[in-house]
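Scroll down for the structure; my scribbles are underneath it.
Where a number appears in this text, it was derived from the coordinates with a stated rule and is not lab data. Just so we're clear, the structure is a prediction, and the values are computed from it rather than from any experiment. Here the Cβ positions follow ideal geometry from the backbone for every residue, glycine too, while neighbour counts run over all protein chains shown.
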Amino acid sequence: MIVSDRICNFHIKRAIKYMENNYDKDLRLHSMAKFLGLNKHYLSYLFKKETGITYSDFVNYIRIEKSKELIKNTNLSILEIALSVGYNNQNYYTIAFKKIHGISPLKYRHTVTS
C-alpha cells in the first residue's frame with residue numbers, strides 16, 4: 001500500500017494524516033476538500049496522482065486495516081467493528097473487506113484466531 005513518506009504534496013500528506021487519525025469520522029471527499037480548503041474535483045485528481053489510487057479506495061484501505069486490529073484483538077461483533085471504524089453498513093464493510101483481502105471479515109477472524 002501507499003507509504004506516506006513517498007507522498008510529496010502537502011495537501012495529500014495532510015489528508016492522509018487526518019484519515020489515519022479520524023478514520024471513524026466523516027471522510028467523504030467533499031468534507032475533506034472543505035477541511036483542506038480545496039475544490040473536491042481538484043482534491044480527487046491530486047489524490048489519485050500522488051497515491052495511485054482513488055480517494056475512496058484509500059479511505060476503505062485505512063478503515064479495513066484498523067478493523068483488522070479489532071478483529072484480532074477484541075471480541076466485538078463484525079457489526080460493532082464496522083461501526084467503530086466508520087462504516088454505517090455492515091454489508092458495505094464486508095464488501096470492502098473482501099475487495100481488499102479476498103475473504104470476509106468473519107473468515108479472517110477464524111483465520112487469525114485458530
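Per-residue extension of 0.36 nm, minus the Cα-Cα distance of residue 6 and residue 41, leaves a gain of 10.4 nm for this segment.
Please work out how much length the chain gains when fully extended from residue 56 to residue 113, using 0.36 nm per residue of separation minus the C-alpha to C-alpha distance, in nm with one decimal.
On the way: separation 57, 0.36 × 57 = 20.52 nm, distance 2.95 nm.
Residue separation times 0.36 nm, minus the Cα-Cα distance, leaves 17.6 nm.
Helices in the chain, meaning DSSP H runs of at least 4 residues, each add -39500 (n - 2.57). Divided by all residues, the mean residue ellipticity at 222 nm is -21000 deg cm²/dmol. On the beta carbon distance between residue 91 and residue 65, with R0 = 22 Å, the FRET formula returns roughly 0.65. In plain terms, the chain from residue 73 to residue 48 could stretch by 5.8 nm, reckoned as 0.36 nm per residue minus the Cα-Cα distance. The value of relative contact order for the stretch 27-114, using C-alpha pairs under 8 Å at least six residues apart, is 18 percent. Over all projection directions, the Cα-based convex hull of the stretch 61-113 averages an area of 3.0 nm². Rounded to two decimals, the Cα radius of gyration of the stretch 8-59 over 2.2 N^0.38 Å is 0.98.
Once P(r) over Cα pairs in 10 Å bins from 0, in percent is calculated for the structure shown, the corresponding label among (i) 13, 44, 34, 9; (ii) 14, 44, 30, 12, 1; (iii) 12, 34, 30, 18, 6, 1 turns out to be (ii).
Only Cα pairs under 8 Å and 6+ residues apart enter the sum, and on that basis the relative contact order of the stretch 60-99 stands at 37 percent.
Label-to-label distance for residue 83 and residue 20 is 2.9 nm, based on points extended 7 Å past Cα in the beta-carbon direction.
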